[in-house]
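The values are calculated or read from the model by the stated rules, or taken from the named source; none is laboratory data. Predicted model, so just to flag it, every value in this text is computed and none were measured. Ideal geometry is used to build each Cβ from the backbone, glycine not excepted, and the neighbour counts take in all protein chains shown. What goes into the accessible areas is simple: the full protein's heavy atoms, side chains included, and nothing from ligands, DNA or RNA. Shrake-Rupley method; radii C 1.70, N 1.55, O 1.52, S 1.80 Å.
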Amino acid sequence: MVEHADIRVVHRGGSIINFRQPVVTNDSRFLLCASGECVKVFSTSTEECIHNLQGHTDLVTGVLLRPSNHLQVYSCSADGTVRLWDFTDGILIKTYVIGYPICSLYASAKHEGVIFIITPKLTDKRSELFQLVAVHLPQSGDQLVETRELSAVLSNVSSKPAATAFGQGGEYLASVKGLQMEVYFFRKEKSYTFSLKEDNKKGGRNTFTCVACHPKDDCIATGHEDGKIRLWRNFNHKKEYTYSTLHWHHSAVSSLCFTPEGTNLLSGGVESVLVQWRYNQESQRDFLPRLGAAITHIAVSPDGALFCTSHSDNKISIIQSCVKVSAVIQGLVKGESVKTDLIVDPRSKALVLNGKPGHLQFYSLHRDKLLYNLDIVQQEYIHELGLDQFEVVKAAFDASGSCLATVEERQQKGAELEINLKLWAFDEQTQSFVLNTTISTPHDARITAMCFRHDADCQTTMLVSTSQDGHFKAWQLAAAAHTEEGPSWSCDFVGAYHSLVPKCCCFSADGSLLAVSFQEVVTVWSPASWELLTTLSQPPGAIRDLCFGRLSCSKYLLGTTDSSLLCCWNLLTCSLEWSTSMDVSLLLSDPLSENMVAFCCESGCTDLFVFKPSEPRPLFSQKAVCSGRVTHAVFAPREEMLESCEESSQWLNRSQLYFLTQHMDLMTFITKVEEDRLMASSKQLVIDDSVAMTPFYLLLGKHRQEQQEDQDAVSSQSSERAPLPHSSVAIKELLQTPAHVLPSTTFLCSMFLQSLLIPVTDNREEKKHAEEEMESEKEEEDSSEEEMESSASRPEQASGSGLAAELAAPTLTKAQSRELRRLKKVDHSWLSELLDS
Amino acid sequence: MGEFTVHRVRFFDYMPSAIRAVAFNPRTERLAVARADGAVEVFNFNDNYFQEKVIPGQDGRAVEALCWVGRRLFGAGLNGVITEYDLENLRPRYTVEAYGGPIWTISCNSQGTHLAVGCEDGTVKMFEILQERIQFQKNLDRMKGRIISLSWHPSGARIAAGMMDMIRIFDVESGAATHRLLVERGMGVSRSTEVVVWGVVFLSDSTIISGDSAGKVQIWDGSTGTLVKTHLVTKWDVLALSVSQDESSVIAGTSEGTVVQFQFISATVGQQDKDWVRTRTFKNHSHDVRALAHTDTAVVSGGMDTQLVVRPLLDKVEKNTQESALRKIAFPHRSLVCCAKKAGLLLFQFSDHLELWRLGESDGQGTPGDSLPVKRKPEKVMELKRRGEDHICCSALSPCGGWLSYSTVSSVRLYRLQHDNNNISINKMSKLPKELRSVHQLCFSSDSSKLFASSSQSSVVVVALSQLECKYLHTLKHKSGSRQPVHLLSPSEDGKWLATANTDCEIHVYNLHKMKLHCTVPVYGSCPTAIAIHPTTSHLISVHADQQIFEFSLLQKEYTEWSRKLQKQGLHPLWLQRDTPVTHVTFNPANPEHIILHDTFMFCIIDQSLPLPETKTVLYNQLTLRSLPVAERIRQSHAFKICKSFQHLLCVSLMEDRSLVVVERPLLDIMAQLPAPVRQKKFAT
């Protein structure tokens, strides 16, 4: 077996966006949040992800606007680097190498050129001790900068970013840990420690959870485990400090934030209510309730107009002036467990799994966006610990996606298990699922598996459910005789086998066979006559997974057993075709091809095998895909087929394999080709909603559109002939980097000149062409102010100007000729525009 | 520690009355507390919050406000008179009618020259304070509506008066009202009812702080008469306000039982402009907080729930010291129970009557810890209503149960009790000697032949009792010159000695055979809370408010060896940290080395034969000792044997038959008798 280096496991889609506090830019137009290994830039008005700031090689642990330049943002990561980005264009400006994993990042206006980071203590990595370190950022033009000036400010701080805050723009900093708060004054270089008692008499837990500092006054707000908020004052005295207590939250306060003017204090917790306290008038408070899930972070835009709340269900709400939720950025909701398994909705091609409590979420993997939530339980969810509420545990779609079956259950202590089987039909008018039938207590015990008959031409849809009560039931959609209502679901057949407990069930691709596993026995039934056709068995070990082969391999039935055996039966001969010994944790078949996937768990790691049942050799295998067991995976069909010629990656052509790791990370496999294509497309992406809709813009825009059309026409024929002048990297960088982040001109000059020289030496034999290229490069520089200028007109111009240059070279200086050309070109374009109109 | 049959008495329905007003005198560190029944108590904050003096109340004389002028204490109430109290004879010295209807408030200017009283008819009356009395000087401009609260500007030139719906500022010189600050009414239903400004505070920078019945604490600029800031503190009333001496902190008491602190704090470090900011909230009361005092280090609050709470401000005191502990004073620091040792009778003293109970009997045998079956239930033998308006200030029952005496401010009454079988007949003794007029403490000698009564100027009147008459024998006097009242009397068992203690911390011992002063115990800085003379050794045991214990030999006239050893080694820190004083000391006749003493939360037997506890030893070790083997038990035991199984003790006394009488009054029973507090929304109810 060969390791295939060109297929990688990546995070793509469904990443966490509530990991750290989001950042709203000064103009309130963008929202930045750490998401996995990149920083996502969202538009606050459209909720769309504009681009990803990619570059970190480990989890991003903090995002922070640069205090001295509001168009730049710092990000820190566990990979030990702090990166400075231009977030409007998505460009990495600088990388500071710190060398230690960073947990969070702080900066303040009063400390120019210094950032504060929290890193684990160097002495021993195992101990959970963290320190706050001031990092002096060296002034250097280089992209990659090593920082050496580190000085510890506070030792033994909490690694949580919310547990440290800077007050009064950097006069002091407050850090809380456990029952202690430490306030450090930079000017006096003195720190004061205040501690609380572990428990007060009424049983409240006084542990600090978060801290926020008033932007103007000397007032520190701290949140506590028992839901109290304390406002500390006079903390520049060891003894004469004082605090007042605000209490509304019934559980721990998870986040606190002052508005930029300091007039209000925002707090949030598990109640999913945003509370706004008037500063100095704390008895007056406003509430924004029903935000959906527990609040984990609160951020306020620098102008105070927007509040952002991160929620525990991977959501960011954007709130306008504490009254209206104006936008919701919803990521993939991942609870502690995915009980429904991963399913793909055949109609929308969306990934379906448990979402909000009692809901199914439909998540588009292509657009990386939540489409909608389907309320299954249809009961109010109560935010309280230890309350047993209905949960969706199973869901299944039929082949066309017009039917959805869900199972919800609730197990209260000492009470019987409540199970509801709900069947939903897709309504074309409303474009959503409508409840058709509710069957309460479909089985006497927990339902173990459920599947639809995947059969296009069969008239009746059939659902089979197996349960721990020892039966499997077939349900059929049939018109009720005595009512005028539409067809509803009813039980068609109840099957059992030797009073064994069925574990899984599976229909063959054509729907003519049903396989149900009863412990170590696989029974094959005919759904038409409900006749037990045959039994297959491979003891010892109960069957764990069953899967029919597809297309050319539809004669095979595959099963995995608890005793680490993968068996393949031939249904024509009713005999074991082959078997192999491997501990398969999950067996999955691709609905669009005959490929099958087995995730094998071996010594704490999961290996992946892709194979065809008919062929002895696996198509693809990868060792150590991830750590831990993989129990949830799904094949998601691609929107357009990949045309991969390599044999090893052909199995990814039609559909993409997604799987959930132990830590609930959604991962997928990506081929080299696809990766390259994605990279290329992200480079070409130009956001341009920054241009105001002035009359000038309209004029220009029209002109550009025409040119765009021209270009398309031209490029189709001239793509091979006249490729876009691939200028050197230096020039490209020079042109794409905004002027305010460029190094000084003297620094650039030599680099620029060198870049001019290289192509000439390289392409000596094609001198003419090279010269042309060079010219066009220069031209590109010329027209850098009008980047919109299309390249369609370039080839002709380039040739023209090339001629001109050749002619004028002896008489005119370079600058003069450049000026001349620019004038000519500008005149020309405007003239043509005028003539056209 | 010895085993006793215990009479656990819970039928003493003692009910303290609500605290109406407090006044703190920072110079002498005395706190005066006025209760709803008109009694005034004086606590010494320098001496471990000891209740030094109690001036009994009088029917129909509810004190609404108290005010210290130097060492003089003035009170005024809804009966419309101003009273000055005689703190030496524990009685009102004189009363002055104010002629303005009920008086709501009284306030003295900081110079100590004038008293202002606020009356129901809307007048603020000025009284000049003279050497021996006060004299009406003038009325300030009369306003419509009653004057509820008053506060002088520290300069004495202006005075702020809280009224119905408004605050007025008067110029004292001219008597004219210079400003009228309208206080907003409450929201909703209470909009139609007048708002009462319950408290007002005039600060030296002309800031006025007011608390009103709409639950607001408002900060006003007194020079312009404008509202600066409103703090909504409660849904109910803000009933009391108090300001610290340095005017950096104001506390407000509310109907919810909370005390809210406001502090004058600058917004940013190093800036001068300060602001009143609401800071801490203390909740130590279940009912209205009617009275507040802000001392330098603590918040003192009292109210409907009858407890006086001293809550130290942790930023002002050293942490983890005795001073930083919260104090709740629920019971009086003197005994209200008198026990007839020989007759098995208990006398309970209430403010308006006395109750005589006979203890129950049991013949059961049981192991330690069992409760025995009661053969005869305890019964109330007699209830004696007092005559006149004055409340009972002290009472006594003779050890034989044949005599009973009580005293009010104005008179002493003596009764002869005759027991025949189960009936008791009572005869009032007439023709008492005229020396028995105004007494503070009564006591019978152990053979019931003499009655001792502490009288004015620290003297003790001795009266001989016989079947038919009582005869004045002698007045015992000492020459120290102290005029403070004697609050403790203790005769010796053999009838030879009588020890007295007064609130000047002096202990005098008289020889009753010679009827003259025998000796004076060296004065210790803390007031004695209990004294007793040992029946066999004639040692005087005195326990003081700071929890120190002394043993003084009357024969040698010096401290005994044991006492010196105790002082040298020092008492156990946990012993010193107890916050209620020892109110009773007795001895065990069976074992002369045992001293039995008790406070509210424990009783203790001190075994003088055992070694004293070291600082590091466990003081409360009775439970662990029980489980140890004998040898180990002897090694670990120490002189202080403390029992905490009985709580809220009012009296522990040893009877003639070696049974122990323990009188408990659980605080929960007192709470249950209080009226319902204001309704409060509790979360998750």
- Answer yes if at least one residue in segment B:107-116 is buried (at least 21 other Cβ atoms within 10 Å of the Cβ) and either without any contact (Cβ under 8 Å) to a residue 24 or more places away in the chain or more than 35 Å from the chain's Cα centre (by Cα) (or both), and no otherwise. no
- For B:S192, are the conditions met, namely being farther than 17 Å from B:S151 by Cβ and more than 30 Å from the chain's Cα centre (by Cα)? yes
- Item | Of the criteria (1) more than 11 Å from chain A (Cβ to nearest Cβ); (2) in contact (Cβ under 8 Å) with a residue 12 or more places away in the chain; (3) open to solvent by 10 Å² or more (accessible area, probe 1.4 Å), which one B:R278 fails | (1)
- Among A:K623, A:K555, the single one that is more than 19 Å from A:L514 (Cβ to Cβ) and open to solvent by 10 Å² or more (accessible area, probe 1.4 Å) is A:K623
- Task: State whether the residues of segment A:660-669 include one that is open to solvent by 10 Å² or more (accessible area, probe 1.4 Å) and out of contact with any strand residue (DSSP E or B) (no Cβ under 8 Å at 6 or more places or on another chain).
- Result: yes
- Query: Across segment A:394-419, which residue is nearest to A:C506 (Cα to Cα) among those that are touching a Pro at 6+ places or on another chain (Cβ under 7 Å) and open to solvent by 50 Å² or more (accessible area, probe 1.4 Å)?
  - Reply: A:A399
- Query: Has segment B:558-565 got any residue that is of a type in the set (S, T, Y), part of a strand (DSSP E or B) and crowded, with 17+ Cβ neighbours inside 10 Å?
  - Reply: yes
- Task: Could you tell me whether B:V300 is open to solvent by less than 60 Å² (accessible area, probe 1.4 Å) and under 24 Å from B:L239 (Cβ atoms)?
- Result: yes
- Scan of segment B:173-192 for residues that are touching a Lys or Arg at 6+ places or on another chain (Cβ under 7 Å) and either open to solvent by 80 Å² or more (accessible area, probe 1.4 Å) or in contact (Cβ under 8 Å) with a residue 60 or more places away in the chain (or both), ordered by number: B:R180, B:R191
- Residues in segment A:284-325 that are free of Cβ contacts under 8 Å to residues at least 60 places away in the same chain and out of contact with any Lys or Arg (no Cβ under 9 Å at 6 or more places or on another chain) total 14
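Please tell me if A:G169 is at pLDDT 85 or above, outside the structural domain of A:W85 (by the TED database) and surrounded by fewer than 17 Cβ atoms within 10 Å (Cβ to Cβ).
no
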- Note on the structure: The strands (runs of 3 or more DSSP E) lying wholly within segment A:218-267 that contain at least 1 residues that are open to solvent by 40 Å² or more (accessible area, probe 1.4 Å) and at the interface with another protein chain (Cβ under 8 Å from one of its Cβ atoms) are A:242-247
- Kindly provide the set of residues from segment B:170-201 that are over 15 Å from B:L239 (Cα atoms) and touching a Gly at 6+ places or on another chain (Cβ under 6 Å), ordered by number. B:H179, B:L181
- Selection from segment B:164-197 of residues in contact with a strand residue (DSSP E or B) (Cβ under 9 Å, 6 or more places away or on another chain) and among the hydroxyl-bearing types (S, T, Y) yields B:T178
- Note on the structure: Checked segment B:322-350 for anything open to solvent by 30 Å² or more (accessible area, probe 1.4 Å), at pLDDT below 85 and not in a loop (DSSP other than H, G, I, E, B); matches are B:Q322, B:E323
- Task: Could you pull out the residue among A:E271, A:E282 that is charged (D, E, K, R), within 12 Å of chain B (Cβ to nearest Cβ) and part of a loop (DSSP other than H, G, I, E, B)?
- Result: A:E271
- Message: Filter segment B:287-297 down to the residues that are more than 14 Å from chain A (Cβ to nearest Cβ) and either open to solvent by 10 Å² or more (accessible area, probe 1.4 Å) or farther than 20 Å from B:T105 by Cβ (or both) and list them by number.
- Response: B:H287, B:D288, B:R290, B:L292, B:H294, B:T295
- Query: Given the structure, is A:S644 touching a Phe, Trp or Tyr at 6+ places or on another chain (Cβ under 7 Å), under 23 Å from A:L365 (Cβ atoms) and modelled with pLDDT of 65 or more?
  - Reply: no
- Selected residue (criterion: farthest from B:L150 (Cα to Cα)) from residues of segment B:63-82 that are out of contact with any Pro (no Cβ under 6 Å at 6 or more places or on another chain) and in a loop (DSSP other than H, G, I, E, B): B:R71
- Can you name the condition, by its number, that A:C601 falls short on among (1) touching a Ser or Thr at 6+ places or on another chain (Cβ under 8 Å); (2) over 22 Å from A:K349 (Cα atoms); (3) open to solvent by less than 10 Å² (accessible area, probe 1.4 Å)? (3)
- Which pairs do you get when a residue that is crowded, with 16+ Cβ neighbours inside 10 Å, found in segment B:353-374, comes within reach of a residue that is acidic (D, E) and not in a strand (DSSP E or B), reach meaning Cβ atoms under 9 angstrom, with the pair 6+ apart or on two chains? B:E355/B:D13
- Is there a residue in segment B:306-321 that is open to solvent by 60 Å² or more (accessible area, probe 1.4 Å), touching a strand residue (DSSP E or B) at 6+ places or on another chain (Cβ under 8 Å) and within 27 Å of A:Y172 (Cα to Cα)? yes
- Message: Could you check segment A:73-88 and list, in sequence order, the residues that are touching a residue at least 60 places away in the same chain (Cβ under 8 Å) and among the polar types (S, T, N, Q)?
- Response: A:T88
- Would you tally the residues in segment A:369-393 being open to solvent by 50 Å² or more (accessible area, probe 1.4 Å) and either out of contact with any Lys or Arg (no Cβ under 8 Å at 6 or more places or on another chain) or closer than 16 Å to A:L342 by Cα (or both)? 14
- Query: Within segment B:155-273, which strands (runs of 3 or more DSSP E) (wholly inside it) include 3 or more residues that are more than 14 Å from chain A (Cβ to nearest Cβ)?
  - Reply: B:158-162, B:166-171, B:177-182, B:197-202, B:207-212, B:238-243
- Of the numbered conditions (1) buried (at least 22 other Cβ atoms within 10 Å of the Cβ); (2) within 14 Å of another protein chain (Cβ to nearest Cβ), A:I298 fails exactly one; give the number of that condition. (2)
